[in-house]
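*Asks:* Attaching a single structure in structure tokens format; questions to follow.
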Amino acid sequence: MYNIGFSYLRMGWTDMARNIYREAVELFGAQSGVETQAPVNLRWLNGENRNADVAREILSLYWE
């Protein structure tokens with residue numbers, strides 16, 4: 001699910017991405033996101049300046 005959220009965010013589907021990340025954390029916990037490198041992927045988007053504001057928002061909600 002984290003990879004799906006990442007893909008949505010890369011495509012600019014920010015609302016869908018927010019919902020997927022929220023649901024993934026609810027279902028599997030934030031630690032599973034760490035294990036699948038979700039924070040790493042979100043930091044990459046931030047560095048690439050692709051929907052960086054939403055990537056930072058998701059990071060701060062679940063991993064920082």
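The values are calculated or read from the model by the stated rules, or taken from the named source; none is laboratory data. Not measured: the values here are computed from a predicted model. Glycine gets a Cβ as well: all are built from the backbone with ideal geometry, and neighbour counts include every protein chain shown.
*Asks:* Any residue in segment 28-47 that's under 15 Å from Arg10 (Cβ atoms): show its pairings with residues that are aromatic (Phe, Trp, Tyr) and at pLDDT 95 or above at Cβ separation under 6 Å, as long as the two are six or more apart or on different chains.
*Replies:* Within 6 Å, the pairs are Ala38/Tyr2; Asn41/Phe6.
*Asks:* Could I ask something else about it? Is there any pair linking a residue in segment 53-64 that is under 14 Å from Tyr2 (Cα atoms) to one that is polar (S, T, N, Q) and surrounded by fewer than 19 Cβ atoms within 10 Å (Cβ to Cβ), with Cβ under 6 Å and at least six apart or on different chains, and which?
*Replies:* Ala55/Asn46
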